[in-house]
């Protein structure tokens, strides 16, 4: 059962435009959400996170939006740059017990930014 | 800081052989995680440790898989015997506290079982 889903395997955008990556989750116990970026032959690196008590978090060109009622979050990159080309993973965790620190990842979305 | 260090970077072995993957977490981190990435299942958590103690191994696929953390600076993931379906990229990650979900990942071990 895929509790975190990224339904778009890939996304292609032009440099300077906005990139929007989407993620849906099914587990209502999830209360913390993260985005990771992964380049080939490297491990994922943390990009941005959001707690369920917020609906938006911004860090430079990156903004994450959370819609709890729809169990949906999105990552906006503005403006997109060729160096942003990578695989983006959405991840979620649930508080309490042995769940602390246990992240459930989506399948990933390959973002390609064309010059 | 050197980050999370994994070895080997690549491992090619034959079915039935024992495989040992190694991980050195970031100094001072007290949580360590082993993840596996496949095309079919994406990134899935196999096991994680807090203060060297296994907390959740529900993701370990079979008894052929075992993990240890003998001290705060070293962990191993062993597969015995290995099978072709174990072929994947195995990532180790560490974090500062059990409440900090910001994981720092190693570069991974690409395992190919022939």
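The residues in segment B:13-38 that are surrounded by 12 or more Cβ atoms within 10 Å (Cβ to Cβ) and either on the phi > 0 side of the Ramachandran plot or outside any loop (DSSP other than H, G, I, E, B) (or both) can be counted, and the count is 15.
Within segment B:95-111, the only residue that satisfies the criterion of being more than 7 Å from chain A (Cβ to nearest Cβ), closer than 10 Å to residue B:26 by Cα and at pLDDT 85 or above is B:104. Only one residue in A:80, A:19, A:12 is touching a residue at least 60 places away in the same chain (Cβ under 8 Å), over 13 Å from the mean Cα position of the chain (by Cα), surrounded by 15 or more Cβ atoms within 10 Å (Cβ to Cβ) and closer than 16 Å to residue A:110 by Cβ, so which one is that? Only one candidate qualifies: A:80.
On the stretch given as segment A:64-90, residues that are within 21 Å of residue A:39 (Cβ to Cβ) and in a strand (DSSP E or B) total 9.
If the condition is being under 11 Å from the mean Cα position of the chain (by Cα) and either modelled with pLDDT of 95 or more or part of a strand (DSSP E or B) (or both), then segment B:55-73 contributes B:65, B:66, B:67, B:68, B:69. Considering only residues in segment B:41-54 that are over 11 Å from the mean Cα position of the chain (by Cα) and more than 9 Å from chain A (Cβ to nearest Cβ), the one that is surrounded by the fewest Cβ atoms within 10 Å (Cβ to Cβ) turns out to be B:53.
Residues that are more than 21 Å from residue B:36 (Cβ to Cβ), in contact (Cβ under 8 Å) with a residue 12 or more places away in the chain and assigned to a strand (DSSP E or B) within segment A:31-58 comprise A:31, A:32, A:33, A:47, A:48, A:49, A:50, A:51, listed in sequence order.
The values are calculated or read from the model by the stated rules, or taken from the named source; none is laboratory data. Keep in mind the model is a prediction, meaning the values are calculated, not measured. Heads up, the Cβs are rebuilt from the backbone with ideal geometry, glycines too, and the neighbour counts pull from every protein chain shown.
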